[in-house]
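The values are calculated or read from the model by the stated rules, or taken from the named source; none is laboratory data. All figures in this text were calculated on a predicted structure; none of them were measured in a lab. Here the Cβ positions follow ideal geometry from the backbone for every residue, glycine too, while neighbour counts run over all protein chains shown. In case anyone asks, the SASA skips ligands and DNA or RNA and just uses the protein heavy atoms, side chains included. Shrake-Rupley method; radii C 1.70, N 1.55, O 1.52, S 1.80 Å.
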Amino acid sequence: MPMLPRLSPRIFLAILVLGAYSQIVQAILIREGLVVFYGNEVSLGVFFASWLFWVALGSISVLWLRESRFVRQPLPALRLLLLLLPLLLLAQVLALRAVRLLLDVSSAEFVPLGELFLALFLITLPSSLVLGIAFPVGCRALEQAARSGRAEAVGEVARLYVADALGALSGGVLFTFVLVQWFGPAGAVGLLT
């Protein structure tokens, strides 16, 4: 069986970083959410439901926008998305920390469920939507590379999934054993931005 050409190093690295970043962002936002909502397990369910909804919507939006310049030129788009993520994380952490103030809920009260649902649904939107867009854009970049004869698309997209999974694994390990231990949540956000 012939060896497949290797994945473009730039795309591989971008997706590896996206996988790690998405894992770290999830962990930071979950920790912040548990503090704001006093460890309420419902907030975890709402967080993950919202996160997955926005990631799916981001992926689907690439199909809707497939004829746009943004999707037709995927490498600059991927660069832009990578640069946008740290700013979004900072805004999301600030929004989570201000949610009680914005909703006028005192520190002695639980946030009402309806407001909790709305707050988490909106706060998870930025990063998860961008991450949902980024992976299909990376696949599109591989598709273009395959057309130019530099890669075989099917095998390369499989490697892209592996890069994302390795990134998520390394991000989880990095967050758990390095960022939180040495820098704390605020320091981790500072390093990521």
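Checking the stated criteria, G138 turns out to be in contact with a Pro (Cβ under 8 Å, 6 or more places away or on another chain), part of a helix (DSSP H, G or I) and surrounded by 13 or more Cβ atoms within 10 Å (Cβ to Cβ).
In the condition set (1) at pLDDT below 85; (2) within 17 Å of the chain's Cα centre (by Cα), V154 is compliant with all but (2).
Looking across V71, V93, V46, V99, one residue alone is open to solvent by less than 40 Å² (accessible area, probe 1.4 Å), touching a residue at least 60 places away in the same chain (Cβ under 8 Å) and either of a type in the set (D, E) or over 18 Å from R31 (Cα atoms) (or both). It is V71. Of all the numbered requirements in (1) without any contact (Cβ under 8 Å) to a residue 12 or more places away in the chain; (2) part of a helix (DSSP H, G or I); (3) among the charged types (D, E, K, R), R31 misses one, and that requirement is (1). Test L78 against the stated conditions and say whether it is in a helix (DSSP H, G or I) and under 21 Å from the mean Cα position of the chain (by Cα). So L78 fits the description; yes. Suppose we keep only residues that are of a type outside the set (A, V, I, L, M, F, W, C) and open to solvent by less than 10 Å² (accessible area, probe 1.4 Å) within region 102-128. Which one would you say is farthest from the chain's Cα centre (by Cα)? Within region 102-128, the match that is farthest from the chain's Cα centre (by Cα) is T124. The condition of being exposed (fewer than 14 other Cβ atoms within 10 Å of the Cβ) and in a helix (DSSP H, G or I) does not hold for I24.
Can you tell me which of R140, R97, R159 is closer than 26 Å to L34 by Cβ and among the basic types (K, R)? Give the derivation first.
Details: R140 fails: closer than 26 Å to L34 by Cβ; R159 fails: closer than 26 Å to L34 by Cβ.
Result: R97 is the single residue among R140, R97, R159 that is closer than 26 Å to L34 by Cβ and among the basic types (K, R).
Flag set for A141, criterion: within 26 Å of R69 (Cα to Cα) and either at pLDDT below 85 or of a type outside the set (F, W, Y) (or both).
Take the conditions (1) more than 29 Å from E143 (Cα to Cα); (2) more than 12 Å from the chain's Cα centre (by Cα); I28 misses just one of them, which is (2). Scanning region 34-43 for residues that are among the hydrophobic types (A, V, I, L, M, F, W, C) and assigned to a helix (DSSP H, G or I), we see that the one that is most open to solvent (accessible area, probe 1.4 Å) is V35.
The residue that is nearest to L83 (Cα to Cα), counting only those in region 181-193 that are part of a helix (DSSP H, G or I) and in contact (Cβ under 8 Å) with a residue 24 or more places away in the chain, is L192.
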